[in-house]
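What follows is one structure encoded as structure tokens, with my remarks underneath.
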Amino acid sequence: MGAGHGHKLHYHGHSRVHGVPAHLKLVTLVGFMLVVVATPNDWYAAFAAYAVVLGAVVAASRVPPTYLARRMVVEVPFVVFALLVPFVAQGPTTDVLGVPLSVPGLEAAAGLLVKGTLGVLAALTLAATTEPDELLRGLQRLRLPDLLVQITGFMIRYLDVVTGELTRMTTAMRSRGCDPRSPRHWPVLARSLGALFIRSYERGERVHLAMLARGYTGSLPDTRVQPEEAA
């Protein structure tokens, strides 16, 4: 059922946070994020308390802060959007370095940045302290539909395969004088991404046919070794 290998987000360790059952960590993460999102933007003391609690969990997990910081790049789109909010929001304005900015927009941007940072950091901490197969078993224990658990498992399993193929395609493009970051070559990049999508779809079809040929009936067998068997 699981990915069958470690994931790039996971940090191997034996801390207390690593040892907490995955389903409890999932419930805690969802509850934490709901509380953070529901907190009004001007409750700064509450956000400071959330940050302290989250920092304590990170410290207890013994995951290096630099390890999480490098993966916080996923938050960049939220940061860009938050920086644009004060320029487009309505309401009273204030001058910041000579630039008129919306006061409600500044408050909304600050709230978005704080909530987004707390949520991303909490999710990365979960990923860093939980093996993919443990995460899937935790979803099962929480009674998530089995089909969704299977889809998540295959997504984790083949994510590295697809990203690896994208890396090889990008390398081939660069070797032919095509710079994917240049707007002039974006049409080539778009065609390459379309080809990657088709290849991934066809790979999924082949995998599904192979599963059917091996007796797949809608559920995967439990391949975990039971304690008495391991003994």
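What about Leu220, is it at pLDDT below 85, outside any helix (DSSP H, G or I), surrounded by 10 or more Cβ atoms within 10 Å (Cβ to Cβ) and of a type in the set (A, V, I, L, M, F, W, C)?
So Leu220 fits the description; yes.
Filter the range 39-55 for residues that are over 21 Å from the mean Cα position of the chain (by Cα) and open to solvent by 40 Å² or more (accessible area, probe 1.4 Å) and give the result.
The answer is Pro40, Asn41, Asp42, Trp43, Tyr44, Ala45, Ala48, Ala49, Val52.
Identify the residue in the range 25-38 that is without any contact (Cβ under 8 Å) to a residue 60 or more places away in the chain and open to solvent by 60 Å² or more (accessible area, probe 1.4 Å) and, among all such residues, is nearest to Leu112 (Cα to Cα).
So, considering only residues that are without any contact (Cβ under 8 Å) to a residue 60 or more places away in the chain and open to solvent by 60 Å² or more (accessible area, probe 1.4 Å), the one nearest to Leu112 (Cα to Cα) is Ala38.
Kindly check whether there is at least one residue in the range 132-142 that is at pLDDT 85 or above, assigned to a loop (DSSP other than H, G, I, E, B) and open to solvent by 60 Å² or more (accessible area, probe 1.4 Å).
yes
Take Leu106 and decide whether it is within 24 Å of Pro65 (Cβ to Cβ) and open to solvent by 50 Å² or more (accessible area, probe 1.4 Å).
So Leu106 does not fit the description; no.
Out of all the residues in the range 67-93, which are in contact with a strand residue (DSSP E or B) (Cβ under 6 Å, 6 or more places away or on another chain) and surrounded by fewer than 17 Cβ atoms within 10 Å (Cβ to Cβ)?
If the condition is that a residue be in contact with a strand residue (DSSP E or B) (Cβ under 6 Å, 6 or more places away or on another chain) and surrounded by fewer than 17 Cβ atoms within 10 Å (Cβ to Cβ), then Gly91, Thr93 are the ones that fit.
The values are calculated or read from the model by the stated rules, or taken from the named source; none is laboratory data. Predicted model only: the values in this text are computed from it and were never measured. Note that we place each Cβ from the backbone using ideal geometry, even for glycine, and neighbour counts take in every protein chain shown. Each accessible area value is taken on the protein alone, full model and side chains, heavy atoms only, with ligands, DNA and RNA left out. Shrake-Rupley method; radii C 1.70, N 1.55, O 1.52, S 1.80 Å.
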